[in-house]
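Structure, as structure tokens:
The values are calculated or read from the model by the stated rules, or taken from the named source; none is laboratory data. Just so it is clear, the model here is predicted, and its values are computed rather than measured. Every residue, glycine as well, gets a Cβ built from its backbone with ideal geometry; the counts of neighbours run over all protein chains shown.
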Amino acid sequence: MTVVRALARPLLSMIFVVQGVNSIRNPEPLVPKAQPVTDRLVPMVKRVAPAQVGDRIPETTVNLVRLNGAVQVLGGLALASGKGRRVGAATLAATLIPVTVAGHPFWQMKDKETRAAQRIQFMKNLGLFGGLLLAAVDTEGKPGVAWRATHGAKAAKRETKRGAKAAKRETKRGATAAKREAKDLAREARHAAKLAKAQLNVG
């Protein structure tokens, strides 16, 4: 891990850990803003998700806020520690979407100053979202799964072609050797026949 990554990951995850802990300890102040989003999101998730997952989703907004906070704490710790960092970053990015929509709906604000302030907060969250996406795809200079899969397929195809060419060469060499050997045997047979004929003539 480079020094930049060692500094950047904890800095990026810090706000999620702090906010997550606050959401777990004191979720009530967040409920009024979260309620409109959870009322629309939860039924949709329950329809799409498998029954085992859907049955475990909390019904109350308070518990949903706590659950989101717990996920943010776990994701933030994973990103900061480097263990499961990519999954942690992707999870934080996913939790940031409903938080941003619920917390900073600037398009609903009537007052210009309030709208401008909420728009700034919305764009800050977009910046965090972009940073999390970068962290989620950061392989630390190592080949990613997609690259390894593609490269492996190309390497296998290349090796197959090489094997086929080598087999073709060996087959050709074998055929040439067999042809040469057949010629040699035919020559020896003709020579033996001539010798036999000469001996008969002498006798």
query = Within region 63-99, which residues are under 15 Å from residue 42 (Cα atoms) and surrounded by fewer than 17 Cβ atoms within 10 Å (Cβ to Cβ)?
reply = 63, 94, 97, 98
ask   = Can you find even one residue in region 35-52 that is touching a Pro at 6+ places or on another chain (Cβ under 8 Å), within 17 Å of residue 102 (Cα to Cα), of a type in the set (Lys, Arg) and assigned to a helix (DSSP H, G or I)?
value = no
request  = Kindly indicate whether any position in region 56-74 is farther than 16 Å from residue 23 by Cα, touching a Gly at 6+ places or on another chain (Cβ under 6 Å) and either free of Cβ contacts under 8 Å to residues at least 12 places away in the same chain or of a type outside the set (A, V, I, L, M, F, W, C) (or both).
outcome  = no
query = Restricting attention to region 54-73, does a residue exist that is of a type in the set (Gly, Ala, Ser), modelled with pLDDT under 90, farther than 20 Å from residue 135 by Cβ and under 28 Å from the mean Cα position of the chain (by Cα)?
reply = yes
message = Checking residue 201 against (1) surrounded by fewer than 10 Cβ atoms within 10 Å (Cβ to Cβ); (2) modelled with pLDDT of 80 or more; (3) not assigned by TED's automatic domain parsing to the domain that holds residue 40: exactly one of these is not met. Which one?
response = (2)
